[in-house]
Amino acid sequence: MTADLAALEDRAQRAYDTLMAHLKVCPECGQSPSGCRTGAVLRRAVRDAQNAALRVRRASRSTEGGGDA
């Protein structure tokens with residue numbers, strides 16, 4: 001499961017890096033908190049990737065720590 005977690009964390013980092021690169025060059029995102037459609041899609045991709053990694057991390061902790069206690 002750690003390979004899956006590493007891949008998900010890598011995906012989340014790449015999504016975040018892409019969003020940050022977009023924010024540096026998009027005047028619409030710089031002027032408005034809601035930004036442009038591309039910015040919204042990228043923010044959603046970051047959130048989804050981070051949540052997927054978090055779910056795997058939580059699942060691995062629950063199977064490690066206490067199955068038969």
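Here are ALA40, ALA69: which of them is modelled with pLDDT under 90 and not basic (Lys, Arg)? Break it down into steps so the answer makes sense when it comes.
Details: ALA40 fails: modelled with pLDDT under 90.
Residue meeting the stated conditions: ALA69.
I'd like to check something: does the range 44-64 contain any residue that is at positive phi and out of contact with any Phe, Trp or Tyr (no Cβ under 9 Å at 6 or more places or on another chain)?
Within the range 44-64, the subset at positive phi is none.
No; the residues of the range 44-64 include none that is at positive phi and out of contact with any Phe, Trp or Tyr (no Cβ under 9 Å at 6 or more places or on another chain).
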Just checking, does the range 30-37 include any residue being open to solvent by 40 Å² or more (accessible area, probe 1.4 Å) and modelled with pLDDT of 90 or more?
yes
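Table: residues versus (1) over 14 Å from the mean Cα position of the chain (by Cα); (2) open to solvent by 60 Å² or more (accessible area, probe 1.4 Å).
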site	(1), (2)
ARG11	no, yes
LEU23	yes, yes
ALA40	no, no
ARG43	no, yes
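The values are calculated or read from the model by the stated rules, or taken from the named source; none is laboratory data. Keep in mind that what you see is a predicted model, and the values were worked out from it rather than measured. Backbone-built Cβ (ideal geometry, glycine too); neighbour counts: all protein chains shown. These area figures cover heavy atoms from the full protein model, side chains too; ligands, DNA and RNA do not enter into them. Shrake-Rupley method; radii C 1.70, N 1.55, O 1.52, S 1.80 Å.
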